[in-house]
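See below for the structure under consideration.
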Amino acid sequence: MSGSKRGVVSMLGDLAGALTPLALRDLSAEIADRLRKVPTRVNEFGFDDWGMEIASVRRAVLPAALLYRYYFRAQTFGIERLPPGRLLLIANHAGQLPFDATMLGVATLLEAEPPRIARGMGEFWIPQLPFVNWLATRSGQLVGTPENCVNLLEAGECVMVFPEGVRGMNKTFDQRYRLQRFGTGFMRLALETRTPIVPVGIVGSEEQQPGLANLKGLGRALGMPAFPITATFPWLGPLGLLPLPVRYRIHFGEPLRFEGDAGDEDAVIEEKVEQVRQAIGELLERGRAERPAVFL
Amino acid sequence: MEKVLITGIAGGQGRLLARRLLESWEVCGADWVPWEGHPRGVTTYQVDLRKKKFEDVVRTEMPTAVVHLGMIRHFRGDPRQRHEVNVRGTKQLLDHCAHHGVQKLVVVSSGYVYGAFPENPFYMDEDSPLSASRTYPEIRDLVEVDTLASAFIWKYPHIRTCVLRPVNVLGYFVHSMIGSYLRMDRIPTLMGFDPMMQFIHEEDVCEAIALALQQGLQGVFNVAGPGQVPLHTAIRETGGKTLPLPEIALRPLVDRMFRLGLFPYPAGALDYLKYPVTLSGRRFVEATNFRPLFSLEEIFHSVRR
């Protein structure tokens, strides 16, 4: 009782802390300092080979880092397990909007040694949207083609993949923490490039925006990947998709190294994918058992 | 000394190449327009590649190598004539090469043939489909030229044929599409889009051609330069002023103005200002150890405004 009360007080304190400009300045300085240590190579104009610009990342990360520190009050477990060099982060996906991807990205930047910029593999429609494509590219996100992923890994980058895709992100609340079917593309790329896979279990995101239903047909008609119905969406418009202040707990597992032929039959690949899926499932289970409450 | 015949020798790239090859080759050239004040030692012929007179040039000069630069790459003239000159001209040239003992052939295509699409991966290799004409039908002749030349490699394997697809070429002399775009007074761009673009200096293109000739390279190769920057950075570095307009306004405007002859590029070209078209030059580097001499900064400096 008193524990949860203290939790509420500290949560309010954290929220208030976010409003003070001093904390903002500190966080901004911390981000700049972490970005200086990122191993990604940039050219004389400040861009990496895929259009990422450190100065843009800095601007884009600040609001995300505020959410990370003061709204979701994120914690990481086992982040010291990230191996240097090329790396695939494979995580569960949930919460209607990809705040989980953003938080994972902030975690690898603020907490990992050396700091890494997690490169997301985006949807094909992102390049077609003005400004959105620009923001995505400058902050290190790419269109999710196999070629792009192989390119990044061969250059020693850290790529994050959510093999459940929208199946996971827009599932309904009764399915929370139940891993949906995994795509197999990431495993073939890992085998092809001999990249270690770090399973990641994100606890919290699955409660951030409980989905009541997903009207796939309507979504398709509107050209959207899904059309979730939640307690607040679409009733409050786009604002209705804002997440609840759940606490994020991001669990990193031991790196998994797979051997084999990238061109193997689906059955062989799926077996390996299943091992990753299980590892994530275990991380989620442990993470849920250990946490005191969803919001604290 | 071996003899090389350069088509399009009076153009910017042709002149540079002629001077570059003069040390180690006997150089002759053909072009539709004359080259006033060409260096001594270079023989030039003012001919149409589609005509019999050009075949006579190949037959009498008997070059061991041919570099094909003689293509129309602007849109100022009649599009049907442009298509004829480029496709039929190339076809005739390939036939003459096959029949008159040419041993080496370099065809300079371009990186535009892949096309600009949202699903483009970064750093496309030579096996990527040539889809430019899907959204940019005005350059389908360049795609056809590339395809003709690539097929020639397999048809006549004893002729060392090499198709080069360089990225955006800039320099003092060359008249490239991207060059004249960057030299516009106010440069129209698509609001909210800033794709990565690769550049290569005209001298480095000459170097790449010379390497291909020297080594008798066979195959299709992208030729990438020293690196890439977003479009707006390139415009700033070359001293230009942008005029960002929303796509919904710019596309019909460009379409209308191009048809009236008031704007030099068709609307399909806008996709190259929207999506990245970046090429992997790895295969060429591995085959030739090619290293561009000019840095991005030097390339941008070479754009005279």
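Filtering region A:121-148 to residues that are over 19 Å from B:Leu190 (Cα atoms) and touching a residue at least 40 places away in the same chain (Cβ under 8 Å) leaves A:Met121, A:Glu123, A:Ser139, A:Gly140, A:Leu142, A:Pro146, A:Asn148. Among residues belonging to region B:295-305 that are of a type outside the set (D, E, K, R) and not in a loop (DSSP other than H, G, I, E, B), point out the one that is farthest from the chain's Cα centre (by Cα). In this case the residue turns out to be B:His301.
Say whether the condition of being under 19 Å from B:Gln214 (Cβ atoms), of a type outside the set (Val, Ile, Thr), outside any loop (DSSP other than H, G, I, E, B) and in contact with a Leu (Cβ under 6 Å, 6 or more places away or on another chain) is met by at least one residue in region B:18-27. Taking every residue of region B:18-27 in turn, none turns out to be under 19 Å from B:Gln214 (Cβ atoms), of a type outside the set (Val, Ile, Thr), outside any loop (DSSP other than H, G, I, E, B) and in contact with a Leu (Cβ under 6 Å, 6 or more places away or on another chain).
Mind checking whether some residue in region A:221-236 is in a helix (DSSP H, G or I) and surrounded by 13 or more Cβ atoms within 10 Å (Cβ to Cβ)? Looking through region A:221-236, none of the residues is in a helix (DSSP H, G or I) and surrounded by 13 or more Cβ atoms within 10 Å (Cβ to Cβ). The residue pairs whose first member lies in region B:282-305 and is within 14 Å of chain A (Cβ to nearest Cβ) and small (Gly, Ala, Ser), whose second member is surrounded by 12 or more Cβ atoms within 10 Å (Cβ to Cβ) and in a loop (DSSP other than H, G, I, E, B), and whose beta carbons are closer than 6 Å, counting only pairs six or more residues apart or on different chains, are B:Ser295/B:Pro226. A:Glu274 fulfils the conditions (1) surrounded by fewer than 16 Cβ atoms within 10 Å (Cβ to Cβ); (2) under 26 Å from A:Val106 (Cα atoms); (3) not hydrophobic (A, V, I, L, M, F, W, C) except for a single criterion, (2). Say whether the condition of being within 30 Å of B:Ser24 (Cβ to Cβ), within 12 Å of chain A (Cβ to nearest Cβ) and surrounded by fewer than 21 Cβ atoms within 10 Å (Cβ to Cβ) is met by at least one residue in region B:215-226. Yes, region B:215-226 contains at least one residue that is within 30 Å of B:Ser24 (Cβ to Cβ), within 12 Å of chain A (Cβ to nearest Cβ) and surrounded by fewer than 21 Cβ atoms within 10 Å (Cβ to Cβ). What pairs come out if I take residues in region B:151-177 that are more than 20 Å from B:Gly14 (Cα to Cα) and modelled with pLDDT of 95 or more and pair them with residues that are among the polar types (S, T, N, Q) and part of a strand (DSSP E or B) whose C-beta lies under 6 Å away, six or more apart or interchain? Listed by first residue and then by second, the contacts come to B:Phe152/B:Thr161; B:Ile153/B:Thr161. Please determine whether any residue of region B:119-134 is of a type in the set (D, E, K, R) and either touching a Pro at 6+ places or on another chain (Cβ under 6 Å) or over 24 Å from B:Gln228 (Cβ atoms) (or both). No - not one qualifying residue is present in region B:119-134.
Matching residues to (1) in a helix (DSSP H, G or I); (2) in contact with a Leu (Cβ under 7 Å, 6 or more places away or on another chain); (3) touching a residue at least 24 places away in the same chain (Cβ under 8 Å); (4) at negative phi:
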{"site": "B:Arg59", "(1), (2), (3), (4)": "yes, no, yes, yes"}
{"site": "B:Val67", "(1), (2), (3), (4)": "no, yes, yes, yes"}
{"site": "B:Gly70", "(1), (2), (3), (4)": "no, yes, yes, yes"}
{"site": "B:Asp95", "(1), (2), (3), (4)": "yes, no, no, yes"}
{"site": "B:Gly101", "(1), (2), (3), (4)": "no, no, yes, no"}
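Here A:Gly156 passes the criteria (1) modelled with pLDDT of 95 or more; (2) within 14 Å of chain B (Cβ to nearest Cβ); (3) under 24 Å from A:Leu191 (Cβ atoms) except the one numbered (2).
When region A:217-274 is filtered for residues that are within 30 Å of A:Gly7 (Cα to Cα) and of a type in the set (Phe, Trp, Tyr), the ones remaining, listed by number, are A:Phe233, A:Tyr248, A:Phe252. Applying the criterion of being crowded, with 21+ Cβ neighbours inside 10 Å and away from chain A (no Cβ under 12 Å) to the residues of region B:188-202, the residue that is nearest to A:Arg138 (Cα to Cα) is B:Ile200. Of all residues in region A:158-197, those satisfying the criterion of being buried (at least 20 other Cβ atoms within 10 Å of the Cβ) and among the polar types (S, T, N, Q) are A:Asn170, A:Thr195. Of the residues making up region A:214-234, those that are under 22 Å from A:Gln128 (Cα atoms), small (Gly, Ala, Ser) and out of contact with any strand residue (DSSP E or B) (no Cβ under 6 Å at 6 or more places or on another chain) are A:Gly219, A:Ala221, A:Gly223.
Counting only helices (runs of 4 or more DSSP H) that sit completely within region B:227-294, those holding 2 or more residues that are in contact with an Asp or Glu (Cβ under 6 Å, 6 or more places away or on another chain) and under 17 Å from B:Asn168 (Cβ atoms) correspond to B:231-237.
Scanning region B:94-109 for residues that are more than 17 Å from the chain's Cα centre (by Cα) and not acidic (Asp, Glu) turns up B:Leu94, B:His96, B:Cys97, B:Ala98, B:His99, B:His100, B:Gly101, B:Val102, B:Gln103, B:Lys104.
With respect to (1) over 21 Å from the mean Cα position of the chain (by Cα); (2) at pLDDT 95 or above, the lone exception for A:Ile197 is condition (1). Name, by its number, the condition in (1) surrounded by 22 or more Cβ atoms within 10 Å (Cβ to Cβ); (2) over 25 Å from B:Glu207 (Cβ atoms) that does not hold for B:Glu36. Condition (1) is where B:Glu36 drops out.
Summed over region A:239-267, the residues that are under 17 Å from A:Pro163 (Cα atoms) and in a helix (DSSP H, G or I) give a count of 2.
Scanning region B:113-130 for residues that are assigned to a loop (DSSP other than H, G, I, E, B) and hydroxyl-bearing (Ser, Thr, Tyr), we see that the one that is farthest from the other protein chains (Cβ to nearest Cβ) is B:Ser128.
The values are calculated or read from the model by the stated rules, or taken from the named source; none is laboratory data. Owing to the predicted nature of the structure, the values given are computational and were not obtained by experimental measurement. Virtual Cβ from ideal backbone geometry, glycine too; neighbours counted across all protein chains shown.
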